[in-house]
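A.B. asks: This is the structure I have questions about; it appears just below.
The values are calculated or read from the model by the stated rules, or taken from the named source; none is laboratory data. All values derive from a computational prediction rather than experimental measurement. A quick note on method: Cβ atoms are made from the backbone with ideal geometry, for glycine too, and the neighbour counts reach across all protein chains shown.
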Amino acid sequence: MTYTLHLGEELVGDFGSLEGIAGELHTIGQVQGPFLSFAEGQLLGPLRRWALDHRRWRPEEHDNGEIQIRAGDEVISGSLHVGPLEPVVAFGARESGVVHEIIFKAPCLDAVPQHAQEEWEAWSYRDSLAPARWLELSTARRRALLFVTRLASRSHAGQTCLLSHYVVDGRLAQDYPGLFLAIGEAIEGPRGYMGADLDALADRLMDYTHPSSGCTITWEYGERARLALAAGEWRREGWRTSADIPQEACLFSAINTVFRDLGIDVVVQ
């Protein structure tokens, strides 16, 4: 993956990696984070000039950052809006615009989840069609895999009508990203994507035609999922995404409410 950065309407650089950094950078006057670090890049326009002389950056309203993620020449995601960015330090900047790393003070930490780069690279050569291949991954790696699955998701491969019955294994839904990966695989098969939050799940389900005979989702080992997906797990993910989510509800119950509101029967075993 590569990352194209715009500040306002202006293209200011292409980069080979992107990372969120918390805390302070003591070498630059203890500027408070969080920060976004772009590395292995080519700078353009005013950012290129700034990286060479480090004159004070004068933020403007149009300095809101937008990031496009690419695979080769193909854009594989819409723009990620990361709010106002202010450059604070650059390393290895050259007259040609090449830069080793440039760090921005940013309003958010995780524009792209940790490990997303590795999961994207693994997508093409690992056995990504193996069922529940994320089960042995850490939560951070599952979060990255869900992000990559969203980027790589396409249409429903010609499937426009829900089947009458789906089974979701609750043993696979042991955290927030695992839940959405399990639902995506149950409905769309390996590499399947059905959203990464409640609204996106509802939108994907509404893209399907529902069978006249009705549709049922059965949770095998549903109580295990219910115990794992209590309010604390939801709050943990909401903090990362700044999502407006109720903090008192169980995520497992909220997911099933989405299904039922769309006329899908839910059975918990």
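A.B. asks: Taking the residues in segment 1-16 that are of a type in the set (A, V, I, L, M, F, W, C) and assigned to a strand (DSSP E or B) as candidates, determine which candidate is farthest from GLY41 (Cα to Cα).
C.D. replies: This residue is LEU7.
A.B. asks: Additional query: Against the conditions (1) more than 23 Å from ILE76 (Cβ to Cβ); (2) touching a helix residue (DSSP H, G or I) at 6+ places or on another chain (Cβ under 9 Å), where does PHE180 fall short? Just the number, please.
C.D. replies: With respect to (1) more than 23 Å from ILE76 (Cβ to Cβ); (2) touching a helix residue (DSSP H, G or I) at 6+ places or on another chain (Cβ under 9 Å), PHE180 is out only on (1).
A.B. asks: Hey, among the residues in segment 55-91 that are among the small types (Gly, Ala, Ser) and modelled with pLDDT of 85 or more, which one's surrounded by the most Cβ atoms within 10 Å (Cβ to Cβ)?
C.D. replies: Among those that are among the small types (Gly, Ala, Ser) and modelled with pLDDT of 85 or more, it is GLY65.
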